[in-house]
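Step one of this worksheet: look at the structure below.
Read-outs: derived from the displayed coordinates by stated rules, not from any lab. Values in this document were obtained by computation on a predicted structure and should not be read as measured data. Backbone-built Cβ (ideal geometry, glycine too); neighbour counts: all protein chains shown.
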Amino acid sequence: MRPVTRVGRLIGIGALAVALAACGTPPAKDGGSTGAAATAKSAADFGGMDKLVEAAKKEGKLNVIALPPDWANYGEIIKKFEEKYSIKIDSAQPDGSSQDEINAAKQLKGQDRAPDVFDLGLNVAAANKDLFAPYKVSTWGDIPDALKDADGAYYGDYGGFMSIGYDAGKVPAPTSVKDLLKPEYKGKVALNGDPTQAGAAYNGVVMASLGNGGSADDIAPGVEFFKQLKQAGNFLPVDPSPATIESGQTPVVIDWDYTNAAQTDKLKGKLDWKVVVPQEAQIGGYYNQAINKEAPHPAAARLWQEFLYSDEGQNLYLKGLSRPVRLDKMGDKADKDAKAKLPKTEGKQVFQTLAQADKAKQVLTATWAQAVG
């Protein structure tokens, strides 16, 4: 659960331009911050991991952007990286969107505060490939081909599936998307954001479509479902948050499984929050990593990627109840306890292509406001 600006990243529709001051200083010109580090396409180009670590430590700093500490366990990930490598991380605008990241890179180009790395929704990543420095992490071979740019410009890192989180003390357990139309859910079903702007909400509509005869190519049934949900009085026009869940204001929340599942542990002893991924409507998505080709700390940027895709980094994502991209390849190295806490999924799983997402966004833009308002 997090602000709408952050969830907008997955489909690349974010907030307006980032409000960052134009002032700044040029990036440092020492410590491997130029030359080979800025063009290295693998750790081998540094002479191996030890040399990469050495160059990154000499830079001593890394700029990240739009990484909320409670999103996919980024708070702990940042802390562990700083402790392991003695490199200070400057985390800017944690509630920003994918587009905010791109805007910041353009506005702060040539300054030492420019973002070194990006964490992006697929649409935004694909649309801005020319801004990225190709780099292939040591575990490149474990990343499925469908989830990475062949040149190494961007690649999936963590993701999940859309889910229904619910207060088991207030509503019955839903077993399908259609269950939410029942009288027991009157005034109780919240969607995390506006689907024309927010990734979680957008994928909530796709989930509803899959659960009502639609497909990745046809989300109209999803829009119709939410129209019916509103007509039945079940749709709750409130953006959910941890506070609204704990207070009981939003007893049912449609959101990513890792953000819904995070509330289960957080609210233990306060309310019985459960999570279900509708098996007939499993829509998944991954966020993507990329390196700014104008990164002021290019060695640290590359070490950050190596850390995220290492067993340690992937397990930290898993601890945050998101699904790391290397999970199927990690075998016994995956954190068993964290893996056991993931919401259960089985059967057919759907991942939209860029073309399908573009088509769906056009449908939403044309129909959502009139259908649901």
Quiz item: Top mean-square fluctuation among 115, 324, 174, Gaussian network model of the chain, C-alpha springs under 10 Å?
Solution: 174
Exercise. Across segment 245-326, how many lysine pairs, 8 or more positions apart or on different chains, have C-alpha atoms separated by under 29 Å? Please give the number.
Key: 5
Quiz item: When the Karplus curve 6.51 cos²θ - 1.76 cosθ + 1.60 is applied with θ = phi - 60°, which whole-Hz ³J(HN,Hα) does each residue of segment 47-59 get, with x for Gly and Pro?
Solution: x, x, 4, 4, 6, 5, 4, 4, 5, 5, 5, 5, 5
Exercise. Go ahead and run the numbers for FRET between residue 184 and residue 243, Cβ-Cβ distance against an R0 of 35 Å, rounding to 0.05.
Key: 0.90
Quiz item: Looking at segment 285-368, which GluC sites (Glu not before Pro) are in a loop (DSSP not H, G, I, E or B) and have at most 14 other Cβ atoms within 10 Å?
Solution: 346
Exercise. Quick one: angle between helix 298-308 and the longest Cα principal axis of the chain, in degrees between 0 and 90, rounded to 10, please.
Key: 40 degrees
Practice problem: Set the Förster distance to 41 Å, then compute FRET efficiency between residue 44 and residue 215 from the Cβ-Cβ distance, nearest 0.05. | Solution: 0.45
Practice problem: Note the full-extension length gain between residue 36 and residue 54 as 0.36 nm times their separation in residues minus their Cα-Cα distance, in nm to one decimal. | Solution: 5.1 nm
Quiz item: So which of 230/339; 170/336; 88/136 end up more than 29 Å apart by C-alpha?
Solution: 230/339; 170/336
Exercise. Would you mind computing, in nm to one decimal, how far apart the modelled labels at residue 266 and residue 129 are, each placed 7 Å from Cα along Cα→Cβ?
Key: 3.6 nm
Quiz item: Among [x] 17.6; [y] 36.1; [z] 18.9, which one is mean projected area of the Cα convex hull in nm² computed from these coordinates?
Solution: [x]
Exercise. Could you let me know the centre-to-centre spacing of segment 274-302 and segment 97-139, using Cα atoms, in angstrom?
Key: 12 Å
Practice problem: Would you pull out the residues with amide H under 5 Å of residue 285's amide H, same chain only if 5 or more places away, H placed 1.01 Å from N? | Solution: 160
Quiz item: If the limit is 25 Å between Cα atoms, which of 84/106; 182/227; 129/227; 109/129 go over it?
Solution: 84/106; 129/227
Exercise. If a/c stays under 1.5 just call it rounded; otherwise compare a/b with b/c (prolate if a/b is bigger, oblate if not). Do that for segment 261-373, with a ≥ b ≥ c from the square roots of the Cα gyration tensor eigenvalues.
Key: oblate
Quiz prompt | Residues residue 79 and residue 363, FRET efficiency given R0 of 51 Å [Cβ-Cβ distance, rounded to 0.05] | solution = 0.75
